[in-house]
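Read the structure below first, then the notes.
No lab work stands behind these numbers, since they all come straight from the coordinates. These figures come from a predicted structure and were not determined experimentally. Methodologically, a virtual Cβ is constructed for each residue, glycine included, from the backbone with ideal geometry; neighbour enumeration extends over all protein chains shown.
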Ligand SMILES: Nc1ncnc2c1ncn2[C@@H]1O[C@H](COP(=O)(O)OP(=O)(O)OP(=O)(O)O)[C@@H](O)[C@H]1O
Ligand SMILES: [Mg+2]
């Protein structure tokens, strides 16, 4: 039983990371019907920029582990948000009126470009996050020894998702984003500047993806320029699992995938961890082709 | 001086021109109806007023302001709202979220709430269903929502694209009655309709479009008396 709950917390932590990345895919897809392949590389970039800021500015030495990490997270978000907006400006916006395939090819190109840039700047070898930034102790919760880092990852992703949920559901800009995802033309008839909505999506999605990269660095301690590939694929799977284009769906899908994976690894086989995750995806898509939360209400025409 | 004035409007989709020089004037406080067969270009005309499609030649003025070069969202801000063909309510958002989006260009919260109260007075059923997803409403309720949503921006000109489509006759009557009431509050209207009888009864003046051109323009009563209009759009009333 103890093993089960420990695996559950691990699954929730990893799932939270998947969810943060999945949100970027799903938001961009929602508004542009485009799969932003370069999103996984923004995630990687987040991990590397986090490392650079961490080592060069000694934030955690000056501000202590808590506030140092918080500030670090905000800086990573800001920087990756800017890169995300630039990505849209350079790679996607010029192709807005072109056939969709052009934008897909551009996305692949941008992905390769970003990945290679990271490799050229930081090298191809694994990089290690300095130890001892976050307390390596475990904390006792309800009779379980849960590593502190795991709790921090869990709390951060939960907070981010709550903030996003509030933003999307309750603010004027958030409602405009949802409207533009449903019907761009009708949204423009409401006086919504769809270009601003797209910019917003390319700021917020990458910011969350960048933080996810930082969290992976803090959680596992090791990062590599190809890390975006695996995480990107999982997060994309999570987005589809929840219903691509659906924001709560990406959160649910990510967390579910993380938990399933952790349980599969613990009770079935570590080697089959990925296969189990994808089997679940296939099963769900057979019975619910639109994903778990996708399009609950059919639109009347 | 017309409130809305379209002059020599040409619109093309790709290489195909579908509007070949439309001239249309709408005075302040008027209801102007636009009739025409399927594919005549009625919706295209409304979409170009709202800026969703762009003119390849010609001009559109709201009062003194040229609006044909403005982006769609800026045109709403100038005071033009549209109830689009097929209603296009946001199905996975609630009724109230749909209405609040209608007021996207407005900032004064208190006044927006007042307008919302007015919409709920006009269409009490919407107040009842305010928390329901718009996609679960009936066709008639969706049409009311689309009209209410457009009014939330407090437009000077309201463009309506076939608001009677697919609705039962009694419901059409009720909605048109409400439109008359709204017009009484000073909202100028352009009403595109296939239901020519109902449209001409409501409108002050009318235009008839064929194949991307205006072929007839007159007062509603004169159009209703016109034998050609009767034959083509009123089901040959004289014969019956
Ligand atoms: N997006 C588009 N791309 C290409 N052609 C279009 C497009 N929309 C409309 N058309 C064409 O333009 C012409 C005018 O269409 P429009 O929708 O304006 O007609 P309408 O008078 O509103 O017809 P209806 O009564 O069927 O709504 C038609 O020939 C139509 O096929
Ligand atoms: Mg039409």
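Using 7 Å Cα-to-Cβ label points, what is the residue A:170/residue B:12 separation (nm, one decimal)?
With each label point 7 Å from Cα toward Cβ, the separation is 5.1 nm.
Any idea how far apart residue A:58 and residue A:282 come out in nm if each label point goes 7 Å out from Cα toward Cβ?
5.4 nm
Report, in cubic angstrom per residue, the convex hull volume of the C-alpha atoms of the protein assembly as shown. The partial results should precede the final answer.
Working: hull volume 97.7 nm³, N = 541.
Looking at the protein assembly as shown, the number lands at 181 Å³ per residue.
Suppose we look only past 17 Å in the calculated P(r) of segment B:1-126. What percent of the Cα-Cα pairs does that tail hold? Intermediate values should be presented prior to the final figure.
Values: 5093 of 7875 pairs.
Considering segment B:1-126, 65 percent of its Cα-Cα pairs are separated by more than 17 Å.
Only counting other Cβ atoms within 10 Å, I'd like A:80, A:146 sorted with the fewest neighbours first. Each step should come with its number before you reach the end.
Values: A:80 29, A:146 18.
Ordered by Cβ neighbours within 10 Å, fewest first: A:146, A:80.
How many Cβ atoms of partner chains, on average, are near each residue of A:170-179 if near means within 10 Å of its Cβ?
If you average over the peptide's residues, the count of other-chain Cβ atoms is 3.
Report Rg/Rh for segment A:83-128, rounded to two decimals, where Rg is the Cα radius of gyration and Rh the Kirkwood radius.
Working: Rg = 13.2 Å, Rh = 11.8 Å.
That ratio equals 1.12.
What ranking do A:272, A:229 get, fewest neighbouring Cβ atoms within 10 angstrom at the top?
Values: A:272 12, A:229 15.
So the ranking, lowest neighbour count to highest, is A:272, A:229.
Suppose a student asked you for the relative contact order of segment B:82-240, using Cα pairs under 8 Å spaced at least 6 residues apart; what percent would you report? Don't skip to the end; give the middle numbers.
Numbers: 196 pairs, mean separation 34.2, N = 159.
Computed over segment B:82-240, the figure is 22 percent.
Measure nothing but the geometry: give the 0 to 90° angle between the long axis through the Cα atoms of A:39-57 and the longest principal axis through the Cα atoms of chain A, rounded to 10°.
For helix A:39-57, the angle is close to 50 degrees.
In whole angstrom, how long is each semi-axis of the equivalent ellipsoid of chain A, when you take the square root of 5 times every eigenvalue of its Cα gyration tensor and sort them from largest down?
Values: eigenvalues 182, 113, 68 Å².
That gives 30, 24, 18 Å for the three semi-axes.
Express in % the proportion of alpha carbon pairs of segment B:108-203 at distances exceeding 22 Å. Walk me through the numbers before you get to the answer.
Details: 1207 of 4560 pairs.
I get 26 percent for the Cα pairs in segment B:108-203 exceeding 22 Å.
What is the mean number of Cβ atoms from other protein chains located within 10 Å of the Cβ atom of each residue in peptide B:101-108, rounded to a whole number?
4
Against the longest alpha carbon principal axis of chain A, how many degrees, from 0 to 90 and to the nearest 10, is the axis of helix A:100-122 turned?
Value to nearest ten degrees: 30.
How would segment A:1-67 be classified by its alpha-carbon gyration tensor: rounded, prolate or oblate, with rounded meaning a/c under 1.5 and the a/b versus b/c comparison settling the rest?
Details: a/c = 2.94, a/b = 1.12, b/c = 2.63.
Note, shape of segment A:1-67 comes out oblate.
Given N residues in segment A:183-301, what is Rg(Cα) / (2.2 N^0.38 Å)? Walk me through the intermediate numbers first.
Working: Rg = 17.2 Å, N = 119, 2.2 N^0.38 = 13.5 Å.
The reported ratio for this selection is 1.27.
Which shape class, rounded, prolate or oblate, goes with chain B when its Cα gyration tensor gives a ≥ b ≥ c as root eigenvalues, a/c under 1.5 marks rounded, and past that a/b bigger than b/c marks prolate?
On the way: a/c = 1.74, a/b = 1.26, b/c = 1.38.
Note, shape of chain B comes out oblate.
Using 7 Å Cα-to-Cβ label points, what is the residue B:59/residue B:2 separation (nm, one decimal)?
So the two model labels end up 1.3 nm from each other.
Angle check, please: helix B:109-122 long axis (alpha carbons) against the longest principal axis of chain B (alpha carbons), in degrees 0 to 90, nearest 10.
Approximately 70 degrees, to the nearest ten.
List B:99, B:24, A:189 from most exposed to least, where exposure is judged by having the fewest other Cβ atoms within 10 Å.
Working: B:99 24, B:24 20, A:189 31.
Final ranking by Cβ density, sparse to dense: B:24, B:99, A:189.
What is the Rg over Rh value, at two decimals, for segment A:16-151, using alpha-carbon atoms and the Kirkwood definition of Rh?
Details: Rg = 18.0 Å, Rh = 17.0 Å.
Checking Rg against Rh, the ratio lands at 1.06.
Normalising by the residue count of segment A:2-287, find the relative contact order in percent from Cα pairs under 8 Å and 6+ residues apart. If you can, show how the numbers build up before the last one.
Values: 445 pairs, mean separation 114.5, N = 286.
Relative contact order here is 40 percent.
Once the principal axes of the Cα atoms of segment A:117-199 are found, what is the range along each, listed largest first in whole angstroms?
55, 45, 16
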